[in-house]
Every structure is written in structure tokens, then in C-alpha cells.
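*Asks:* The structure's right below; bear with me while I get my questions together.
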Amino acid sequence: MLNQVTTAKRKKDFNPHIFLSTIGKGRDMLSFQKKNTIFAQGDSTDGLFFIQEGKVQLTVVSEAGKEATLGILSEGDFFGEGGLAGQPLRMSSAVAMTDCVLLHVGKKAMMHAMSVQPKLSAMFVKYLLKRNIRYQDDLVDQLFNSSEKRLARVLLLMAQFGKEGVSEMSVPRLSQETLAEMVGTTRSRVSFFMNRFRKLGFINYDAGDNLHVHSSLLNVVLHDDDGETATLVSKNPNARANKAPEPPPERGGLPDKDRAKRPSLPGLERRGK
């Protein structure tokens, strides 16, 4: 009876955030410098990682050698958990975009902790569900929204727009080729829209190696005019021209003006209003 009471008390007192921010049996704190490889595609799986500080880029390479960016992860994100579901090898590579501090949790340690601590299990499942919703939103975004809206959404999500406790909306500067991969468009269109966002004051490059994203970029996401910011340009006194030029054509697919429309863009809402 006493053992049952003690076990119940331990479960009640368990804090998953402390578990994921401290070292212990099967848990190690690791540091990676900027551009260091955390693991490579094809490596054996050996547990998962929880980001304490920094940003991590996940990429995948096809058999033909083409590389694509799967996502940019930040503090509070899990990655590399495929081994918990039986994946023997890493399906992607993870590289530190900035100096990073990561908690590595071995598979056995994580599986055991989740089996005896419902709070940790609930937290992890909630995170996976939210990420699955994000992936579904990404698919809908590709199907229904213009490349300009998709780019604005990617920048806001990478800057953790609306996330509690995030005051500085900055992201490490990515190449236009990488952004084009993430958005699903051409580098020339990314260049065109990034220049337009900068002229409108939605973004700036005056933060060292970081790109600063202003909350006003949400206007592009919420705009109903096929994602084009011509109206926003004409209303902005700081814009260099009253009428924005047309972006370069996109290879393949429908022009932005011919894409199907939907009421709103998933994954982002007007916040703080």
C-alpha cells in the first residue's frame, strides 16, 4: 500500500519540462556549433532530441542527389523520434543552423518514461499531433495559396509568430534556393517577393546573420487579392512605386491568379488583437 502511494505521488509530482531540460539516466545534454551535423540521413537511430537553445535544419536527399529542406526547428521542438516507431535508420539529416544545446534522450529511456509518466506521454503525443496538423496545413497551403502567401507563411512560422514568450521574431538567413524549396516555387520568385517584403518594411536584414520578420507580414497572409501585395504597396507611403511589377512566371502549375481560393490560410491566425 505504501509503495502504491509513493508511486502515485511521484507521478503527480513529475514535471515533463524538467525531465526534458535535465540530464539523467539515458539523457545527455549535447552542444553543437553552427553548421555542425547532428545526424545524417542513413545513420542508425539512437533516440530523439529536444531543442534547448538554437535552431536546427532538417533536410533530405533523393537518390538523384537533390536536397530539400523539410523544416526549421527551434527551442521546444522534438526531432529524430522515428526510432520510437521502429525506424532503424534516419530518414533525414539534421544540421545546427546556429549554436545549439540539445537534450538527447535514448529510446529505452524515453519509452520507459512515457510508460510510467502519463504527463510526459500526453505532452509528446500533443506535440506530434500539432506537427501532423502543421504538415496537413502545409499541403493545403501548396494546393490553395499563391507562392507569395506561402513564402510569407513560411517566414512567420520560422520566426515563431504568435508563440508565447517569443519577443524577437528573427530567423537565421537562408539562401533563396532553400526558401524556394520550402515554398515550392522558383528562386527568382522568392527573390522578387523578398525584395517586395523588404521595401514594404515587412522584413529587414539589419540583424547580423539573422533576418528580422515583422508581424505586419501577416497582412500578406490575410490579404484576399490572390496573395499579391500591389494594393499594400500603393497604400504604403514608404514604398518606392505606386504599382508593384509582376513577379517572374512560375515553372509548371497554375499561375497564382488561377489557383483555387480558400477563406483563410491554415496555421496562422490574426493574433494579439
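The values are calculated or read from the model by the stated rules, or taken from the named source; none is laboratory data. These numbers were taken from a predicted model, which means no experiment stands behind them. With ideal geometry, Cβ positions are generated from the backbone for all residues, glycine too; neighbour counts draw on all protein chains shown.
*Asks:* Show me the helices (runs of 4 or more DSSP H) found entirely inside the stretch 100-175 where at least 1 residues are under 30 Å from F197 (Cα atoms) and not β-branched (V, I, T).
*Replies:* Passing ranges, in order: 118-144, 147-158.
*Asks:* Out of T59, T69, report the one residue that is among the hydroxyl-bearing types (S, T, Y) and modelled with pLDDT under 90.
*Replies:* After ruling out the rest, the residue left standing is T69.
*Asks:* Only one of (1) farther than 21 Å from V56 by Cβ; (2) at pLDDT below 90; (3) among the aliphatic types (A, V, I, L, M) fails for M194. Which number is that?
*Replies:* Evaluating M194 over (1) farther than 21 Å from V56 by Cβ; (2) at pLDDT below 90; (3) among the aliphatic types (A, V, I, L, M) leaves (2) as the failure.
*Asks:* If you check V154 against the conditions, is it of a type outside the set (F, W, Y), assigned by TED's automatic domain parsing to the domain that holds C100 and at pLDDT 90 or above?
*Replies:* Criteria not met by V154.
*Asks:* Of the residues that sit in the stretch 13-43 and are surrounded by fewer than 14 Cβ atoms within 10 Å (Cβ to Cβ) and of a type in the set (V, I, T), which one is nearest to L70 (Cα to Cα)?
*Replies:* So the residue we want is T37.
*Asks:* Consider K199 against the criteria (1) over 22 Å from N219 (Cβ atoms); (2) basic (K, R); (3) touching a residue at least 40 places away in the same chain (Cβ under 8 Å); (4) not assigned by TED's automatic domain parsing to the domain that holds F32: it satisfies all of them except one. Which criterion is unmet?
*Replies:* (1)
*Asks:* Shifting gears a bit: Would you point out which residue out of V233, V171 is modelled with pLDDT under 90, over 15 Å from the mean Cα position of the chain (by Cα) and surrounded by 16 or more Cβ atoms within 10 Å (Cβ to Cβ)?
*Replies:* V233
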